[in-house]
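To start, the structure under review is shown below, and the notes come after it.
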Amino acid sequence: MAQKRKVIITCAVTGSIHTPSMSPHLPVTGQEIADAAIGAAEAGAAIVHLHARNPRDGRPDQSPEAFEPFLKIIKQRSACVVNITTGGGQGMTLEQRLAPATRFKPEVASLNMGSMNFGLYPMLDRFKEFKHDWERAHLEGSRDAVFRNTFKDIEHVLTTLGSAGTRFEFECYDTSHLYNLHHFLQRGLVKPPLFVQTVFGILGGIGSHPEDVMHMKRTADRLFGDQYHWSVLGAGRAQMQIAAMAAANGGNVRVGLEDSLWAGPGKLAASNAEQVRLARQIIEGLNLDVATPDEAREILSLKGADKVDF
């Protein structure tokens, strides 16, 4: 009997989009981030996607020193695959964004496949009171901010991290990002199997309509054929609907409080693990299996947890 397809769940546990005033459940301190990642892994996430924050005010912090405490705890207590962001936070330079992954040489690092507007300011319509001065400015500043990843920037990330055996979660927010990735594939700077994370619902990228989801999949199928594994990230309220679409159409899913604070209409998710469990219910309801960390390593051709520097 043929084996059922294994679906990889990634959990992005804190990110740099949401601010501490938006949810009491958003992990901020190193211990909270470690506990959130381990809880997500225990719930079924094979990969945890990690950012760091200043423990005093929750501000995004891309210093290697901010990552080190929770990376060690996660490795000690879980077999999950660790994915370190190279996206960082608003206003950071490329070298700042790259510093943690360069230092710790993870199995996976995220890589945004192009420059783009990244509008967070509509959240000011929902959230009015903030505990820290930086939060409102962080959201308001996105009206006039461009996330920069030029072809030169992307090539630098690929060569810097690729030399240590790190592979990538290629974050594609629009059709052009898929074509950018195809450009680097043709040049031989990326190697299959590609892990392509198509992102839906961020202001500045493609929307979250079902036609948008299938358009990105059709384009990726045409460009990459059997050389890639498809995953989806739905922002905000679109998170679980898009996860269900992807799982039903051969894809993998990403959830977590970086992407959405919610577990249903008007209901804040109490933890990252709660969202992982919801995604797992969708996947298993489709008679599919959730991939273990070691199965994800095999599917994505990762170097293994024994070859990282933490």
Check your understanding: Is it fair to say T198 is among the polar types (S, T, N, Q), at pLDDT 95 or above and in a strand (DSSP E or B)?
Key -> yes
- Task: Test I17 against the stated conditions and say whether it is crowded, with 24+ Cβ neighbours inside 10 Å and in contact with a Lys or Arg (Cβ under 8 Å, 6 or more places away or on another chain).
- Result: no
Please indicate, with yes or no, whether at least one residue in segment 100-111 is assigned to a loop (DSSP other than H, G, I, E, B) and farther than 26 Å from G234 by Cα.
yes
Residue count, segment 224-242, condition buried (at least 19 other Cβ atoms within 10 Å of the Cβ), closer than 24 Å to S301 by Cα and in contact (Cβ under 8 Å) with a residue 40 or more places away in the chain, comes to 4
Practice task
Report yes if A99 is surrounded by fewer than 18 Cβ atoms within 10 Å (Cβ to Cβ) and hydrophobic (A, V, I, L, M, F, W, C), otherwise no.
Solution key: no
Residues of segment 129-152 being assigned to a loop (DSSP other than H, G, I, E, B) and within 20 Å of P60 (Cα to Cα), in sequence order, are E129, F130, K131, H132, A145, R148, N149
So, first residue in contact (Cβ under 8 Å) with a residue 60 or more places away in the chain in segment 191-204, second residue of a type in the set (F, W, Y), Cβ within less than 7 Å, six or more apart or across chains; the pairs are P193/Y228; F195/F168; F195/F170; Q197/F170; I202/F118; I202/Y173; G204/F118
Exactly one of G304, G256 is in contact (Cβ under 8 Å) with a residue 60 or more places away in the chain, surrounded by fewer than 15 Cβ atoms within 10 Å (Cβ to Cβ) and in contact with a helix residue (DSSP H, G or I) (Cβ under 7 Å, 6 or more places away or on another chain), and that one is G304
Condition set among the polar types (S, T, N, Q) and out of contact with any strand residue (DSSP E or B) (no Cβ under 6 Å at 6 or more places or on another chain), scope segment 240-254, selection farthest from P192 (Cα to Cα): answer is Q241
Note on segment 153-171: residues outside any helix (DSSP H, G or I), farther than 17 Å from R297 by Cβ and of a type in the set (S, T, N, Q) are S163
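Residues are listed down the side, and each one gets a yes or a no for (1) exposed (fewer than 14 other Cβ atoms within 10 Å of the Cβ); (2) within 28 Å of Y179 (Cα to Cα); (3) modelled with pLDDT under 95:
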| site | (1), (2), (3) |
| --- | --- |
| M113 | no, yes, no |
| N117 | no, yes, no |
| L120 | no, yes, no |
| F127 | no, no, no |
| E135 | no, no, no |
| H138 | no, no, no |
| G141 | no, no, no |
| D144 | yes, yes, no |
| F147 | no, yes, no |
(message) I'd like to know if segment 33-46 contains one or more residues that are touching a strand residue (DSSP E or B) at 6+ places or on another chain (Cβ under 8 Å), in a loop (DSSP other than H, G, I, E, B) and either of a type in the set (S, T, N, Q) or at pLDDT below 95 (or both).
(response) no
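The values are calculated or read from the model by the stated rules, or taken from the named source; none is laboratory data. Everything numeric here is computed off the predicted structure, so don't read it as measured data. Positions of Cβ are generated from backbone atoms using ideal geometry, with glycine treated the same way; all protein chains shown enter the neighbour counts.
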